[in-house]
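Only one structure is covered here, and it is reproduced in the block below.
The values are calculated or read from the model by the stated rules, or taken from the named source; none is laboratory data. What you see is a predicted model, and the numbers here were worked out from it, not measured in a lab. Virtual Cβ from ideal backbone geometry, glycine too; neighbours counted across all protein chains shown.
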Amino acid sequence: MKKILVITYSQSGQLDEIVSNITKHFPSEIQIHHEKLIPVPSFPFPWKGISFYDAMPECVEMIPAKIEPVSFNPNEEYDLIILGYPIWFLSPPIPLTTFLKSNEAKKVMNGKPVLTIIGARNMWVMAQEDIKKMILENGGILRGNIALCDKHNNLISVITIIYWMTTGKKEKFLEIFPLPGISRYDIDNVNRFSQVIAYAVIKNSFETLHDQLLVLKSVELSPNVVSTEEKGKKIFGAWAKLILKKGGPGSSERVGRLKMFRGYLLFVIFVVSPIVSLFFYITWPLLFIRIRKKMKYYSGVDLKVKK
Ligand SMILES: Cc1cc2nc3c(=O)[nH]c(=O)nc-3n(C[C@H](O)[C@H](O)[C@H](O)COP(=O)(O)O)c2cc1C
């Protein structure tokens, strides 16, 4: 018998559906313990008012909060640990950060292969860098990554995801916009990954897992989106520090700065980013080699250690 520990956090259930579409095709000799992280108190869904932006500072600065105690035994030896997560503000969602910074994560992950499964809008590479660091700190070895995104145009997907997140309705906004989130086709077709993952677990051979997943298109990056994300992550860091000076989550003193951040974010997304994207495409041929190298790095599972 082989054992896999699956740890997920998902608000709408989109990420959980992706993960379960992969794991339900594993052969019966693989036993699965699925641990769904439960934050205390829970985050609102649908999100109301400023609460959405109030999650940003702790996400970006990776400040742990509270989660319900986990139900698995952290001293158990698992053959693979799967971490499934959505992205919040170019960062790991708070419940996953909380788990990864816990003693249970350190115990269960030490020396173990890890596979990450991401369900995002379209900006996940910077969060995955944070996750790579936390896995390494826990002694885990990242062996594969699958990242699913909404493939619509960046601005369209911003509008549809805001509608979904603030109403809780995964339906067409004004009947003219496409459905929010990852397409039904992409969610249903993740079963193409099941066999290679199960094979790696059964053979206890993970060296080529990520390359095999890449052949199956587990990661598809847009250089323009990655470039926007890199800049955004730095700017979010500055905003997070500024807001945290006014207090912790839910503090009324920080509402003013959160509202400023909200205005800034919407201005940057809808006004600045299209101009920056245009500039990116004009300069793209000059930076071709550098961009290609960068895409290869972000598609991979290694962590670049800053010297
Ligand atoms: C607070 C918040 C911030 C988000 N920020 C990002 C982001 O920076 N990049 C991204 O690709 N998606 C972002 N999303 C979308 C999520 O990654 C995800 O697609 C969506 O929340 C559905 O996931 P679920 O499985 O938890 O329902 C954000 C969602 C929320 C709620």
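Quick notes
- If the condition is being without any contact (Cβ under 8 Å) to a residue 24 or more places away in the chain and either more than 16 Å from the ligand (Cβ to nearest atom) or exposed (fewer than 14 other Cβ atoms within 10 Å of the Cβ) (or both), then region 178-196 contributes ARG184, TYR185, ASN189, VAL196.
- LEU303 part of a loop (DSSP other than H, G, I, E, B), in contact with a helix residue (DSSP H, G or I) (Cβ under 8 Å, 6 or more places away or on another chain) and within 30 Å of ARG143 (Cβ to Cβ): yes
- Residue that is more than 10 Å from the ligand (Cβ to nearest atom) and under 18 Å from the mean Cα position of the chain (by Cα), where the choices are ILE32, ILE81, ILE18: ILE81
- Check on THR116, more than 10 Å from the ligand (Cβ to nearest atom), assigned to a helix (DSSP H, G or I) and in contact with a helix residue (DSSP H, G or I) (Cβ under 7 Å, 6 or more places away or on another chain): no
- Answer from GLU207, GLU171, GLU175 - the residue that is modelled with pLDDT under 95, surrounded by fewer than 18 Cβ atoms within 10 Å (Cβ to Cβ) and not β-branched (Val, Ile, Thr): GLU175
- Hey, GLU230 among the acidic types (Asp, Glu), out of contact with any Phe, Trp or Tyr (no Cβ under 6 Å at 6 or more places or on another chain), part of a helix (DSSP H, G or I) and without any contact (Cβ under 8 Å) to a residue 24 or more places away in the chain or not: no
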